[in-house]
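The values are calculated or read from the model by the stated rules, or taken from the named source; none is laboratory data. Since we're looking at a predicted model, the values are computed, not measured. Positions of Cβ are backbone-derived with ideal geometry, glycine not excepted, and every protein chain shown enters the neighbour counts.
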Amino acid sequence: MSWRRFTVKVPASSANLGPGFDSIGLALDLHLSISVSPAPEWSVEYTDQGYQRLSSGPDNLILSTIHAVAKQYNQSLPTVKLLVQSDIPLGRGLGSSASAIAGGIEIADRLLGLELTMKEKVRIGNDMEGHPDNISASFLGGLTISHYDGEELELIRVPEVEIGVVILVPPTEFLTIESRSLLPESLKHSTAMRGSAAGNVLSAAFVLGDWETAGRLMEKDEFHEPFRKGRFPDFAAIRHTCREMGAYGSAISGAGPSLLIAVKKGDENELAIQLSNKFPHYECLVTKPSSVGIVSYETDEVKVLSE
């Protein structure tokens, strides 16, 4: 058989966006790129210093995902080398693990010729991640609203999101498992109703492109922010500053520890300057939503002898 060298490019993502807990995701214009080429044995090489600490063995998330998909479809894989470049900060609530999983699924799909639909890919990723918000945004791009009950996966995509984005990254990293441990096992029915209502209006505002309303609702979460915000230095002061400067709203990005601030398109650089000056212990990133999800493209043809 023959196949062509190819590269897979996956956007970062922010999830929850307030009360959209485990269901709303936003693709961001930061990317993981994986170049795939033939090799005598499996290997992974990272070009970025921040990623050097990641395993390059079988437990590497991209590799383990590729092999898990092959096992699921009872297929044999050719051996390849993966050259990985990323501008997605690790462990900062910007979907670095979801992008790795999405990349692994896409690579397996291409190497094995599975021709999976996008919804099938999202479902596989959901099973690996445990929730569909980040993985759906990385695959589809734009803003995604998802529901999965263990059997049926439902997805709504808002392709164009006309905002600027500022990300505040605190100096301390903590893992998703640690962040999840901060959440209570149950909520009062009245609390859950308020949170659900906020999530409903938030979703409707996103679909309508009403970011004035969406920004207000982003700050009315009852599901996770009350239990996680204590991990963010100056949380209340940052939110107050953002409101004073006319930002739409702010929210903890995913499980944290980053904060996402949604602003009018064109206002992101000025807000970033002000936040950097006032809260210098945070790293400030300026980005934007990505309307394009995962993409892959060929580079040249490789001849592989069939066994």
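Of note:
- Selection from region 43-71 of residues that are within 22 Å of MET128 (Cβ to Cβ) and part of a loop (DSSP other than H, G, I, E, B): ARG53, LEU54, SER55, SER56, GLY57, PRO58, ASP59, ASN60
- Top-ranked residue of region 1-34 - restricted to ones that are assigned to a strand (DSSP E or B) and more than 20 Å from the chain's Cα centre (by Cα), ranked as farthest from ILE294 (Cα to Cα): SER2
For (1) assigned by TED's automatic domain parsing to the domain that holds GLN85; (2) among the aliphatic types (A, V, I, L, M); (3) buried (at least 17 other Cβ atoms within 10 Å of the Cβ); (4) within 21 Å of GLY141 (Cβ to Cβ), each residue gets a yes or a no:
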{"residue": "VAL8", "(1), (2), (3), (4)": "yes, yes, yes, yes"}
{"residue": "GLY20", "(1), (2), (3), (4)": "yes, no, yes, yes"}
{"residue": "SER23", "(1), (2), (3), (4)": "yes, no, yes, yes"}
{"residue": "TRP42", "(1), (2), (3), (4)": "yes, no, yes, no"}
{"residue": "ASP48", "(1), (2), (3), (4)": "yes, no, no, no"}
{"residue": "ARG53", "(1), (2), (3), (4)": "yes, no, no, no"}
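- Among the residues making up region 251-278, those that are crowded, with 18+ Cβ neighbours inside 10 Å and hydrophobic (A, V, I, L, M, F, W, C) are ALA251, ILE252, ALA255, LEU259, LEU260, ILE261, ALA262, VAL263, LEU271, ALA272, LEU275.
- Among residues of region 183-240 being β-branched (Val, Ile, Thr) and free of Cβ contacts under 8 Å to residues at least 40 places away in the same chain, the one that is surrounded by the fewest Cβ atoms within 10 Å (Cβ to Cβ) is THR191.
- Of all residues in region 71-81, exactly one satisfies the criterion of being of a type outside the set (Lys, Arg) and under 27 Å from ILE177 (Cα atoms), namely GLN72.
- Subset of region 26-54 (residues that are in contact with a Leu (Cβ under 7 Å, 6 or more places away or on another chain) and closer than 29 Å to GLY195 by Cβ): LEU26, LEU28, LEU30
- Annotation for region 123-137: at least one member residue is of a type in the set (Ser, Thr, Tyr), modelled with pLDDT of 95 or more and outside the structural domain of GLY199 (by TED's automatic domain parsing).
- Of the helices (runs of 4 or more DSSP H) lying entirely inside region 223-307, those carrying at least 3 residues that are under 30 Å from GLU185 (Cα atoms) and not acidic (Asp, Glu) are 225-228, 235-244.
- Residue pairs whose Cβ atoms lie under 9 Å apart, separated by 6 or more positions or on different chains, with the first residue in region 254-272 and basic (Lys, Arg) and the second part of a helix (DSSP H, G or I), are LYS264/TRP211.
- Of all residues in region 72-106, those that are over 20 Å from PRO257 (Cα atoms), assigned to a loop (DSSP other than H, G, I, E, B) and either under 11 Å from the mean Cα position of the chain (by Cα) or β-branched (Val, Ile, Thr) (or both) total 1.
- Hits in region 65-106 - residues which are of a type in the set (S, T, N, Q) and either under 16 Å from GLY293 (Cβ atoms) or crowded, with 17+ Cβ neighbours inside 10 Å (or both): THR65, SER86, SER96, SER97, SER99
- So PRO40, is it outside any helix (DSSP H, G or I) and either out of contact with any helix residue (DSSP H, G or I) (no Cβ under 8 Å at 6 or more places or on another chain) or modelled with pLDDT of 95 or more (or both): yes
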